[in-house]
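Visitor: My questions will all concern the structure given below.
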Amino acid sequence: MEGDKGGLSYRIKWISNIIKHGLFWHGVRNNLAKIGLDFMPYYWVKEATSTFTPPKIRGEDIDFEITTFGENEISYIKNTIIGIEQKDLLADLKNGEICIGLKNKDKIAAYMFIKCKPFTFRKRFFDLQPSESYLHSMYTFEAYRGLNLAPYLRYHSYKYLEEKGITTYYSVSEYFNKSTIRFKKKLNSKPIKLYLSLVILKKWTFNFTLRSYN
């Protein structure tokens, strides 16, 4: 079942998804981080740089509702998903971030977070202007993968932000996370910078700019 985080069948599916979605090296990076060598190459991305055809949900069941999430939904997310134990999602919500997601017959199918204020990512400062936003922590639950929900939700997050006068959308794409890179390409996203973050033994952090794109 979706909430059985410790079950053997859940973990087998989790590992299978890592391989299926090209996340092997992403997993290697995460495991090295556990022993004190946390290196992370990542793209600083600008999303929706030109017009594109709005994404649609695949399949026969298109009964999905777009809504903002509160503490109840975020508590469920924290207690269900493997690998996010260290993330304080409730603190993000209380600090003014927006959590927007999709529900299918009252079940959470996907979600993401939105920052609208300047922030620090791995000790690199990003100065967001009033018309800019940072989109992060996109996740689709196992039962709803393959339905094109990530680009669909992302597109509607743009529309949600446009109503608030926010028209520029940034995000981070980890270099080894090919699944994320593929879904953002559907939204005409373009890399602006390629950065490298290196954290050694959780004590020393180094940031490098590897490449700038036109």
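Visitor: Once you've got the GNM for the chain with C-alpha springs shorter than 10 Å, pick whichever of F119, F69, F183 has the biggest mean-square fluctuation.
Guide: Among F119, F69, F183, the largest mean-square fluctuation in the Gaussian network model of the chain belongs to F119.
Visitor: Right, next: Just to check I understand the Karplus step: with θ = phi - 60° and J = 6.51 cos²θ - 1.76 cosθ + 1.60, what whole-Hz values come out for region 110-126, glycine and proline as x?
Guide: Calculated HN-Hα couplings, in order: 7, 7, 7, 10, 9, 9, 10, 10, x, 8, 10, 10, 6, 6, 9, 8, 10 Hz.
Visitor: So, one more: If packing is taken as the average number of other Cβ atoms within 10 Å across a peptide's residues, how do 173-181, 52-60, 86-94 rank, most packed first?
Guide: Per-residue mean Cβ counts within 10 Å order the peptides as 173-181, 86-94, 52-60.
Visitor: So if each residue of separation counts as 0.36 nm, and I subtract the Cα-Cα distance between R182 and T53, what length gain in nm does that give?
Guide: Between R182 and T53, full extension yields an extra 44.9 nm.
Visitor: To continue, here is another question. For region 25-116, what is the charge dipole size about the Cα centre, in debye to the nearest 20, if Lys and Arg each add +1 at the Cβ and Asp and Glu each add -1 at the Cβ?
Guide: Value, rounded to 20: 280 debye.
Visitor: Suppose each label sits 7 Å from its Cα in the direction of the beta carbon; what would the K159-T205 distance come out to in nanometres?
Guide: 3.6 nm
Visitor: Now a separate question. Skipping prolines and chain starts, which residues have an amide H placed within reach, meaning under 5 Å, of the one on M138, given they are 5 or more residues away or on another chain?
Guide: F113
Visitor: Provide the FRET efficiency to the nearest 0.05 for the Y76-N30 pair, computing r from the beta carbons and using R0 = 25 Å.
Guide: FRET efficiency, Y76 to N30: 0.60.
Visitor: Additional query: Can you give me the % of accessible surface on the chain that is carbon or sulfur? Probe 1.4 Å, all protein chains present, nothing else counted.
Guide: Exposed carbon and sulfur together represent 54 percent of the surface.
Visitor: Roughly how compact is region 145-204, stated as its Cα Rg over 2.2 N^0.38 Å to two decimals?
Guide: Ratio of Cα Rg to 2.2 N^0.38 Å: 1.41.
Visitor: Right, here's the next one. Provide the solvent-accessible area of E65, counting protein heavy atoms only and rolling a 1.4 Å probe, rounded to the nearest 10 Å².
Guide: Around 100 Å² of this residue is reachable by solvent.
Visitor: Roughly how many Å² is the accessible area per residue of region 26-151, as a whole number, for a 1.4 Å probe?
Guide: That works out to 52 Å² for each residue.
Visitor: Give me the dipole magnitude in Debye, nearest 20, for region 28-79 about the Cα centre, with unit charges on the beta carbon: positive for Lys and Arg, negative for Asp and Glu.
Guide: 420 debye
Visitor: Could you tally the net charge around S50, taking each other residue with its Cβ under 14 Å from the Cβ of S50, Lys/Arg +1 and Asp/Glu -1?
Guide: +4
Visitor: I would also like to ask the following. Just to be sure I understand: if I project the alpha-carbon convex hull of the chain onto a plane and average over all orientations, what area do I get in nm²?
Guide: Mean projected area of the Cα convex hull: 12.4 nm².
The values are calculated or read from the model by the stated rules, or taken from the named source; none is laboratory data. No experiment lies behind these values; they were computed from the predicted model shown. Cβ: placed from backbone, ideal geometry, glycine included. Neighbour counts: every protein chain shown. Ligands, DNA and RNA are stripped out before the accessible areas are found, and what is left, the full protein with its side chains, is counted by its heavy atoms. Shrake-Rupley method; radii C 1.70, N 1.55, O 1.52, S 1.80 Å.
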